[in-house]
Amino acid sequence: MKITRIARIGAIGATAVLALAGCAANEAPAEGSDQPASGSSLEGTLKATGASSQGSAQEAWVAAFQTANTGVTINYEPTGSGTGRENFLAGASDFIGSDRAFNDEEIAAGGFQTCASDAIVEVPLYISPVAVAFNLEGVDSLNLDAKTIAGIFAGTISNWNDPAIASQNEGVELPDLAISPVHRSDPSGTQETFTSYLSATAGDVWTYEPADEWPIQGGEAAQGTSGVVQAIKAGNGAIGFADASQTAGLGQVHVGVGDEYVEYSSDAAAALVENSPLVEGRGEGDLVFDVDPAAAPAGAYPIALVSYLIACEEYEDKNTAALVKSYFEYIASEDGQEAAAENAGSAPISDGLREKVLAAIDTIKVD
């Protein structure tokens, strides 16, 4: 994965662009930058895997944190959420990113080999719209309601000039061309976010349960966020879903919400999440949102990925605990959220949510 520059981290020059493989940058942060304070005594290495949707944000977070903490190396590998959760259960990752939290059954089963106990910390620190993106020559945007989107991905709407599409897009010249839907081949929280949206808003058309694995045979499957985007770009007539930050240059669907069509944006995605309740019955450090796309308020974008940073409340190694806790605190800070917004187009969390997130992170035991 190529690492991009971070606009507001002035101390990182061309020679200090950091790979997620963990190359440390040693420059002091520039005055007025968004980096955490320098002069840290933290030392050590963290290994992490998980959500590819967080890739660009992790680039920004890793770069800033390592620059300010020159004794620290963070290796984040964007393996996909499902692999990340498997690694956390197996003890192969110190923390993970995941596009869905562990569910109630997984929490009850426990067995997190990474941790010294079964109590975990799950905090929503990457909120981003999931774009429905397409490649259709001469068309930059389309209005589509939930039933039409569901029909396209269920295979009941198979041509771009179908009346269901044309009726919502007067004046758009739609070709007589087969639609080629693209989905994820790997278990994915982004995929679960999308299928949850279809199930909640168009259950009479999309008759499948929300799932991180694609429930339908056929269609084109691609590995990871980058694979889906590449597949859409490669074929005229293709359509798929991916973290919005990765879909620049593709046609975009404005999604029907009530009587309007809403274009994705970080603010519109944040509005959906901020109006959602927390799942009940979780531990003190386990903040999981119960997002209902069907209840999206006016102006909210109804397909929002709530991606979590997941860690242990207790580690066998206290230094690992200190590193994870400090890194999570930076990510949750205004500077950390702004760095992700600038590098990945995500929606910064609100001050009220930040207070809850920091309280959850504080449950990580460091002594």
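Quick look at the values:
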{"quantity": "Condition met for LYS318 (surrounded by fewer than 16 Cβ atoms within 10 Å (Cβ to Cβ) and within 21 Å of ALA90 (Cα to Cα))", "calculated": "yes"}
{"quantity": "Inter-residue pairs, beta-carbon under 7 Å, first at positive phi and in region 327-356, second crowded, with 18+ Cβ neighbours inside 10 Å, 6+ apart", "calculated": "GLY345/SER128; GLY345/ALA244; GLY345/SER245; GLY345/SER266"}
{"quantity": "Region 279-289 - residue that is modelled with pLDDT of 90 or more and within 18 Å of the chain's Cα centre (by Cα) and, of those, nearest to TRP206 (Cα to Cα)", "calculated": "VAL288"}
{"quantity": "Complete set of residues in region 39-62 that are among the hydrophobic types (A, V, I, L, M, F, W, C) and touching a strand residue (DSSP E or B) at 6+ places or on another chain (Cβ under 6 Å)", "calculated": "LEU42, LEU46, ALA48, ALA51, ALA57, VAL62"}
{"quantity": "Near pairs, Cβ below 7 angstrom, 6+ apart or cross-chain, from region 236-261 (among the aromatic types (Phe, Trp, Tyr)) to any residue that is assigned to a strand (DSSP E or B)", "calculated": "PHE241/VAL130; PHE241/ALA131; PHE241/VAL132; TYR261/ASN143; TYR261/HIS254; TYR261/VAL255"}
{"quantity": "Verdict on LEU125 being surrounded by 24 or more Cβ atoms within 10 Å (Cβ to Cβ) and within 28 Å of ASP290 (Cβ to Cβ)", "calculated": "yes"}
{"quantity": "Single match in PRO187, PRO215, PRO210 (criterion: in a loop (DSSP other than H, G, I, E, B), more than 26 Å from ASN161 (Cβ to Cβ) and in contact with a Gly (Cβ under 8 Å, 6 or more places away or on another chain))", "calculated": "PRO187"}
{"quantity": "Only one of ASP243, ASP259 that is surrounded by fewer than 17 Cβ atoms within 10 Å (Cβ to Cβ) and not assigned by TED's automatic domain parsing to the domain that holds ARG354", "calculated": "ASP259"}
{"quantity": "Filter result for the condition that a residue is modelled with pLDDT under 90, outside the structural domain of LYS147 (by TED's automatic domain parsing) and either assigned to a helix (DSSP H, G or I) or hydrophobic (A, V, I, L, M, F, W, C) (or both), over LEU309, LEU323, LEU353", "calculated": "LEU353"}
{"quantity": "Whichever residue in region 299-326 is free of Cβ contacts under 8 Å to residues at least 60 places away in the same chain and touching a helix residue (DSSP H, G or I) at 6+ places or on another chain (Cβ under 9 Å) and, among such residues, is nearest to THR114 (Cα to Cα)", "calculated": "LYS325"}
{"quantity": "Single residue of region 271-299 satisfying the filter (farther than 16 Å from TYR126 by Cβ and among the hydrophobic types (A, V, I, L, M, F, W, C)) that is surrounded by the most Cβ atoms within 10 Å (Cβ to Cβ)", "calculated": "ALA296"}
{"quantity": "Top-ranked residue in region 168-182 [being without any contact (Cβ under 8 Å) to a residue 24 or more places away in the chain and charged (D, E, K, R); ranked as farthest from VAL228 (Cα to Cα)]", "calculated": "GLU170"}
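Residue-by-condition table, conditions (1) at pLDDT 95 or above; (2) part of a helix (DSSP H, G or I); (3) out of contact with any helix residue (DSSP H, G or I) (no Cβ under 8 Å at 6 or more places or on another chain); (4) of a type outside the set (Ser, Thr, Tyr):
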| residue | (1), (2), (3), (4) |
| --- | --- |
| ALA64 | yes, yes, no, yes |
| THR67 | yes, yes, no, no |
| THR70 | yes, no, yes, no |
| ASN75 | yes, no, yes, yes |
| GLY84 | yes, yes, yes, yes |
| PHE88 | yes, yes, yes, yes |
| SER93 | yes, no, no, no |
| ILE96 | yes, no, no, yes |
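The values are calculated or read from the model by the stated rules, or taken from the named source; none is laboratory data. Predicted model, so just to flag it, every value in this text is computed and none were measured. As a convention, Cβ positions derive from the backbone with ideal geometry for all residues, glycine included, and neighbour counts pool all protein chains shown.
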